[in-house]
Amino acid sequence: MTTLLSTVEAPPRYIPNDPRPTLLGLTREGLAEAMGRAGVPEKQRRMRAGQVWHWLYQRGVTSFAEMTNIAKDLRQRLEETFIIGRPEIVTEQTSNDGTKKWLLRLAPDERGARHEVEMVYIPEEDRGTLCISSQVGCTLTCTFCHTGTQKLVRNLTAGEIVAQVMTARDRVKDWPQDIEANPTPPLSGRYITNVVLMGMGEPLYNFDNVKDAMEIVSDGEGISLSKRRITLSTSGVVPEIQRAGDEIGTMLAISLHGTTDEIRDKLVPLNKKYPIKELLTACRSYPGASNARRITFEYVMLKGVNDTPADAKRLVQLLKGIPAKVNLIPFNPWPGTQYECSEWDTIEVFAEILNRAGYASPVRTPRGRDIMAACGQLKSESQKLRAKERIALDATQ
């Protein structure tokens, strides 16, 4: 049964209009500079920054008082100068398949506006995948994607991106000190083993903040997820793909969805600027791409649009020379969409053509459809449409 929590307790010490800046999202160098603003002598800044880094990203603390190996007077100065911010959780939904979706309300921006994003956690027996957002809304208007119907509002900061991972770890009790409360993690030993930048927004249009956030997430003394466990998904911002490989270094996923420019122009309008040939040329030179580090091509299956055997054969030809696998995604419907999901027999034929050509082509099992948490369904406004439902739920509690 789908469950909806209309209210979730705010993280400890959460103050919506707090004027103090957050420490989350600062690089190691930025954190050392912040120590100077709290009065730490220059010779001690790197050491103190390392201590704070440990408490933030390895222990997940939410107050400076918990940083017990730091002197009380310094903790007090840090408390007066900074916050350890988490977004406000507006709603938490749990699907009948165990998938969780959170609607997060961010701290006020420079204009005082408070925006919302969604993130999704997909638990499996041997892993847990967290799908996070990089922007509020999206500028790309992909016609099959619900997020594309929400105009871009702004980029997320590095701190807001990292805070999604930390908030999810809070909620699923994935910090080291949670082991007594959550003693049976998946076979991997952690509840969140993979992070995918496949939520709201185009990550490569928020390059610097995504780069800084993924540096923290992958830091061995931080959240400590291998870059091979982090996947950045792009709709094809060709000029930034090489740079992403050089400077971010995560796994790469391409939202392809079409095998001709005519079809992809309609599905992914960015294709008009960076057509398929240019996109695949960039993929062939992606730093680090190999059979052990294959590029994933995401391909949503749309009935009567891109799902014929001819499409599959063209896809095989397009991918020649690229270490690749293809994720076939059954289309996940959303209110007002013009598309339908391909028939299952059609998807199986498509997959078989790719498999025979030597390309792994798993069909992604839809997760969280009943709570609009599946691929292509995220949109922060969607939760607002259920305000009456939340009010009614409150009245029964």
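The values are calculated or read from the model by the stated rules, or taken from the named source; none is laboratory data. On a predicted model such as this, the values are computed, not experimentally measured, just so you know. All Cβ positions, even for glycine, are placed from backbone atoms using ideal geometry, and neighbour counts span all protein chains on display.
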Among the residues of the range 25-52, write down those that are crowded, with 17+ Cβ neighbours inside 10 Å and touching a Lys or Arg at 6+ places or on another chain (Cβ under 7 Å). Ala32, Met35, Ala38, Val40, Ala49
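Has the range 141-157 got any residue that is at pLDDT 85 or above and either in a helix (DSSP H, G or I) or surrounded by 23 or more Cβ atoms within 10 Å (Cβ to Cβ) (or both)? First the steps, then the outcome.
Pass one, the range 141-157, residues at pLDDT 85 or above: 152-157.
Retained after the next criterion (residues that are either in a helix (DSSP H, G or I) or surrounded by 23 or more Cβ atoms within 10 Å (Cβ to Cβ) (or both)): 156.
Yes, the range 141-157 has at least one match.
Give me the residue from the range 220-255 that is among the acidic types (Asp, Glu) and in a helix (DSSP H, G or I) and, out of that set, surrounded by the most Cβ atoms within 10 Å (Cβ to Cβ).
Within the range 220-255, the match that is surrounded by the most Cβ atoms within 10 Å (Cβ to Cβ) is Glu240.
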Please list, ordered by first then second residue, the pairs with beta carbon atoms under 6 Å, 6 or more apart or interchain, first in the range 241-260 and assigned by TED's automatic domain parsing to the domain that holds Met198, second among the basic types (Lys, Arg). Glu247/Lys211; Ile248/Lys211; Gly249/Lys227; Thr250/Lys227; Gly258/Arg264; Thr259/Arg314
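Determine if the range 61-69 includes at least one residue that is hydroxyl-bearing (Ser, Thr, Tyr) and either touching an Asp or Glu at 6+ places or on another chain (Cβ under 9 Å) or buried (at least 16 other Cβ atoms within 10 Å of the Cβ) (or both). Break it down into steps so the answer makes sense when it comes.
Step one: of the range 61-69, the residues hydroxyl-bearing (Ser, Thr, Tyr) are 62-63, 68.
From the residues that got through so far, the ones that are either touching an Asp or Glu at 6+ places or on another chain (Cβ under 9 Å) or buried (at least 16 other Cβ atoms within 10 Å of the Cβ) (or both) too are 62-63.
Yes, because at least one residue in the range 61-69 is hydroxyl-bearing (Ser, Thr, Tyr) and either touching an Asp or Glu at 6+ places or on another chain (Cβ under 9 Å) or buried (at least 16 other Cβ atoms within 10 Å of the Cβ) (or both).
Residues that are more than 24 Å from Cys138 (Cβ to Cβ): list the helices (runs of 4 or more DSSP H) wholly contained in the range 256-359 that include at least 2 such residues.
Values: elements: 261-267, 276-284, 309-318, 344-356.
Filter on the range 256-359 gives 276-284, 309-318, 344-356.
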In contact with a helix residue (DSSP H, G or I) (Cβ under 8 Å, 6 or more places away or on another chain), at pLDDT below 90 and surrounded by fewer than 23 Cβ atoms within 10 Å (Cβ to Cβ), is that true of Thr94? no
Out of Lys227, Lys211, report the one residue that is farther than 15 Å from Leu26 by Cα and at pLDDT 95 or above. Lys227
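State yes or no: is Tyr299 within 17 Å of Lys266 (Cβ to Cβ), within 26 Å of the chain's Cα centre (by Cα) and assigned by TED's automatic domain parsing to the domain that holds Ala244?
Values: within 17 Å of Lys266 (Cβ to Cβ): yes; within 26 Å of the chain's Cα centre (by Cα): yes; assigned by TED's automatic domain parsing to the domain that holds Ala244: yes.
Against the criterion (within 17 Å of Lys266 (Cβ to Cβ), within 26 Å of the chain's Cα centre (by Cα) and assigned by TED's automatic domain parsing to the domain that holds Ala244), Tyr299 qualifies.
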List pairs: first in the range 207-221 and of a type in the set (Ser, Thr, Tyr), second surrounded by fewer than 18 Cβ atoms within 10 Å (Cβ to Cβ) and not in a helix (DSSP H, G or I), Cβ under 9 Å, 6+ apart or cross-chain? Ser218/Ser224; Ser218/Ser226
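I'd like to know if the range 202-218 contains one or more residues that are at positive phi and either in a loop (DSSP other than H, G, I, E, B) or not aromatic (Phe, Trp, Tyr) (or both). Walk me through how you get there before you give the answer.
Step one: of the range 202-218, the residues at positive phi are none.
Looking for residues that are at positive phi and either in a loop (DSSP other than H, G, I, E, B) or not aromatic (Phe, Trp, Tyr) (or both), one finds none in the range 202-218, hence no.
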From Val195, Val162, grab the single residue that is of a type outside the set (D, E, K, R), crowded, with 23+ Cβ neighbours inside 10 Å, touching a strand residue (DSSP E or B) at 6+ places or on another chain (Cβ under 6 Å) and farther than 12 Å from Gln135 by Cβ. Val195
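Matching residues to (1) touching an Asp or Glu at 6+ places or on another chain (Cβ under 8 Å); (2) among the β-branched types (Val, Ile, Thr); (3) at pLDDT below 95; (4) closer than 20 Å to Lys211 by Cα:
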position: Thr2; (1), (2), (3), (4): yes, yes, yes, no
position: Thr7; (1), (2), (3), (4): yes, yes, yes, no
position: Pro11; (1), (2), (3), (4): yes, no, yes, no
position: Asn17; (1), (2), (3), (4): no, no, yes, no
position: Leu31; (1), (2), (3), (4): no, no, no, yes
position: Met35; (1), (2), (3), (4): no, no, no, no
position: Pro41; (1), (2), (3), (4): no, no, no, no
position: Arg48; (1), (2), (3), (4): no, no, no, no
position: Tyr57; (1), (2), (3), (4): yes, no, no, yes
Would you check which residues across the range 240-296 are under 17 Å from Tyr205 (Cβ atoms) and of a type in the set (Phe, Trp, Tyr) and list them? Tyr274
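Taking the condition at pLDDT 95 or above, in the same structural domain as Lys211 (by TED's automatic domain parsing), buried (at least 23 other Cβ atoms within 10 Å of the Cβ) and over 18 Å from Val326 (Cβ atoms), does Thr281 pass?
no
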